[in-house]
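Where a number appears in this text, it was derived from the coordinates with a stated rule and is not lab data. Everything numeric in this text was worked out from a predicted model, so none of it was measured. Virtual Cβ from ideal backbone geometry, glycine too; neighbours counted across all protein chains shown.
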Amino acid sequence: METLLARFCERSGAGANAVELWVALIDCIRPPRASQHEKAADCLRTLTRELARHPDQRDIVRASFLRLFVEHKQVSLYVSSGLLPSTGFFSETARRISDRLLPDVLDTTYMKDLLSVVFHRQDDEVWVNAVADEIWSDFLQTLLATDQAIVDESAECELPFAVSEILEALRMLSYHVSAIGLDPDLVRVDPQLEEFESPFLAQNAEVVRYLGHYKAWWCEPNTPLEDEGHLSVMLDQCDEVLQRVRRRATRRGTSLTLTFKLERLRQHLDRMSELLGLLRDLHDSRRIAPLLPRAVMLFKELVHAECRKNRLSDYWGTNVELLSLRMTESASKTGEHYITSNRGEYFRMWRSAALGGLIIALMAAMKIVLDRQGFAPLNEILSFCLNYGIGFALIHVLGGTVATKQPAMTANAIAASIGEIRGKTRNLDNLADLVVRTVRSQIAAILGNVCVAIPVAIALSLAILSLSGTPFIDTSKAEHLLTEVDPRSGALFFAAVAGVCLFLSGLISGYYDNLSAYNRVPQRLLQLRWPRRLFGEARMRRITAYVENNLGALAGNFFFGFLLGGATALGVLFGLPMDIRHIAFSSAYVGYSIAAFDFALPLQTVGFAVFGVLLIGVVNLVVSFTLTLYVAMRARRISFAQGRTLSSLMLRRMLTRPLDFLIPPRNHLAAKSAPQPAARTATADEAPASQFPETGRAPSETPRTQSPL
C-alpha cells in the first residue's frame, strides 16, 4: 500500500497515467476471491489509515481523484449505466450476446467506461457491494477532507463540473421519461394518459424550472431556491401511473415490448430520484459530507450495473417477469374451475373426468391403429401429435377433464392464494382448505379418468373381437404395453418428461390468453364482415365470447399433444431413450392388454401394472405441479416461509378429518362456507365486466362447455 501511494506522489503531474494508478489501487484492494469481502474491507481500512497518517500523500491522491471528475464526461454514467436502452428487447439481447463474445471498445474519456476499466472483473460488484457503506464513507471522508465546502473548488458563480454533469443528466433523464410515458403502447393500455394532462410531461416542465433555479441559486446563495418537493410529487405521480399501467397490463395482456418499456420507465424514475436526492443534500450545506451516504449507494449501484451489463440472465429475468405474471395470473383463474367446494361440483368433476377418460381410451386406440400403418418416421410422428392434440382439444370443447392438466392450473391458484396471505398466519386455515379441496378434486379427476379408460378399453377390444373375429392387439403387443408401465423399465423418468410437457402446456395456455387480451383478438374478429354474414350477428358474438374465454385452453391442449408426440420424436432424432408416460393413456393400454390376454393375466401382473400406472400418475402430477408453483411464485416475487406450519396443519386435518381429502362434507352449510380461491378485488382500473355489452354476460360467466354455434 505504501509503495502504491509513493507511485501517486512520483506521478502527481502525469495526468495521463491517472487511470493506470487507480486501476492499480483497486487491484490492491480487490480480494483474491469476490466472496472474501472481509479482506477487501481490511485493505480499504488500511488505505484510509495511511491517507490519514500522511496528509501530503492524501492531498496528491485527492487531487488525482477530483481530476477524474473534471477530465471525464459523467452524463452517460448517470443516464445509461444500469438503465435499459431504447433499442428494444431483442436488439438489447443481441447486443449483450455479441458483447460477451467480442467486448466493446472502451473510451476512458467517459466516466462510464472508466468505471469498467477500473473494476474490470465481472465479480467486482460482489465485494464492492459487500463492503459496508460506512467503510466506503470513511475512506471518502478521509480522502476528500469533507470539512471543506465544495464551492472552494470553483469560481463563485461557476458550477463545479461534477455538479453541472448531474444537472444535465437529470435533464436528459426527464426527457427520456416524457418520451417513454407517451409511448403508444402505454397509452393503449391506459387511455387516460391522453384524456388528462400527463404527469410525464408535467415533470419535464418542473425539472427544467428547477434546474434553472438551481443554477441561479448557486451563483447567488442568498437567492431562495425553489423547493424540490413539488418535483418529488410529480415523480411520485409518474410512479403511480406506472403501477396503474402494470396492473392493467396483468389483466388486459402484455408483451415483451411493453414489459421492456415499463421496466425502462421505472429505472429512469428511480435514477431521477437518486440524482435529485444528491442535489438536495448539496443544497443544504454545499459540502461533500452530507452527500456521502447517498453517493456511496449510487456508486455501488453503478459498479453493479457495469460489471453485469452483459449478463443475459439478469436482463431476461427482469423483462420476462411481468409477462410470466400475466400468463400465470390467467392460468390461476382457469385453475379455480378445477377446484371443487361442494358435492355438486365434486360429482360434476367426476362426470367431466369420466368423459375425458372415455375420449382418452379412444385416442389410445387410434394411436395403436396409427402405429400399424407403417408410415414414414416423420409422418408417423405428425400423426401421433395430431391424434393427441385434436383429442385433448376435443375433450376441452366437450367439457371433459384430463386429470394431469389440473396441477398446472391449480398450482397457479394456490400461488395466488399464497400471495394474498403475505405472511399472515391467521389466513393459513383458508390456504389449508384450498389445498384440501385441490387434493380432493385431483383424486376425483384421476379416478374418473382411470376408472373409465380401463373398462372402455376392454369393452372396445371385446367389440372389435366380436365384429371382426380378430383381437384388437395380439399378445406380443400387449406384453410390450405392459412393459411400458413397469416402473423398472424407465417409466417413471418418462412420466417426468410428460410432467414437464404438462407444465409447458400450462404456460402456453397463459401465453395465448395473454395474446388474445393484448391483441384484442375477439374484438378484431367482430370486425370481420364475412363471418358475420355467414353466421349472423348474434352467433358471431357468441363465437367471439367463446374464443375470448377458451383460446388459451384450446391452444394449451392442442400444443400439449404436440409436446407429447414431440418428446418421442426427439428421442428418435437424437438416438436418446426419450418417451412419455401419461397416467390416462397408460391405464387405457392396461385395459387393452387385459383383453388381449383374454383376462388370463395373473393377478400379480395386473396388480403390478395398476401400481405402475398409479406411480406414473404421481410423477406426472408432482413434476407439473412443482414446476408451475415455482414459476408462479417467482413471477409474483413471493416466498412462503410457513411451510412447516402449513404441513402440520395439513397433517392434523388428515388425522381428524381424513374423508375431507376424498369427498366433500355432506353438511350443506359446511360446503357453503368452504373458503373459495383468492379472488381479485375490483378496482377503479378494472376492465368493464363484459367486452360485449349486447350479450349481457361478463366473459367469466361464459360456460367453458358452451358451444359457440
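Couple of notes before you dig in:
- Rounded to the nearest whole Hz, the Karplus-based 3J(HN,Hα) values (6.51 cos²θ - 1.76 cosθ + 1.60, θ = phi - 60°) of the range 301-316 follow the sequence 5, 5, 5, 4, 5, 6, 6, 10, 5, 10, 6, 6, 5, 4, 5, 5, with x at glycine and proline.
- Separation of the alpha carbons by more than 21 angstrom is noted, of K215/K261; K112/K300; K261/K309; K112/K215; K39/K300, for K215/K261; K112/K215.
- Each Lys and Arg contributes +1 and each Asp and Glu -1, all at the Cβ; summed about the Cα centre of the range 151-287, the dipole is approximately 900 debye.
- Alpha-carbon centroids, the range 343-379 and the range 596-618: separation in whole Å: 19
- Spacing of the two label points (7 Å from each Cα toward its C-beta) at A130 and Q373, in nm: 6.2
- Tensor-based shape of the range 474-632 (alpha-carbon gyration tensor, a/c under 1.5 rounded, otherwise prolate or oblate): prolate
- Amide H contacts of K73 (H built 1.01 Å from N, under 5 Å, at least 5 apart or other chain): Y110, M111
- Estimated at 0.36 nm per residue, the fully extended path between W217 and D42 surpasses their Cα-Cα distance by 58.8 nm.
- The range 151-287 - convex hull of the alpha-carbon atoms, volume per residue in Å³: 95
- Listed peptides 594-602, 543-551, 442-450 by packing density, highest first (mean Cβ within 10 Å): 442-450, 543-551, 594-602
- Neighbour net charge for E38 - beta-carbon separation under 15 angstrom, K R +1, D E -1: +2
- When only the Cβ of Lys, Arg, Asp and Glu is charged (+1, +1, -1, -1), the dipole of the range 1-148 relative to its Cα centre reaches about 160 debye.
- Linear extension gain, L312 paired with V547, 0.36 nm per residue minus alpha-carbon span: 81.0 nm
- Neighbourhood net charge (11 Å Cβ-Cβ; Lys/Arg +1, Asp/Glu -1) for A567: 0
- Low-density loop positions, trypsin sites (Lys or Arg not before Pro), the range 343-380 - DSSP coil, at most 16 other Cβ in 10 Å: R372
- The ratio of the alpha-carbon radius of gyration of the range 1-148 to the globular-protein estimate 2.2 N^0.38 Å is 1.15.
- Highest average packing first - 196-206, 94-104, Cβ atoms within 10 Å: 196-206, 94-104
- Here the 3J(HN,Hα) profile of the range 64-80, calculated from phi with Karplus coefficients 6.51, -1.76 and 1.60 at θ = phi - 60°, is 5, 5, 5, 5, 4, 7, 9, 9, 10, 6, 10, 4, 4, 5, 7, 8, 10 Hz, Gly and Pro shown as x.
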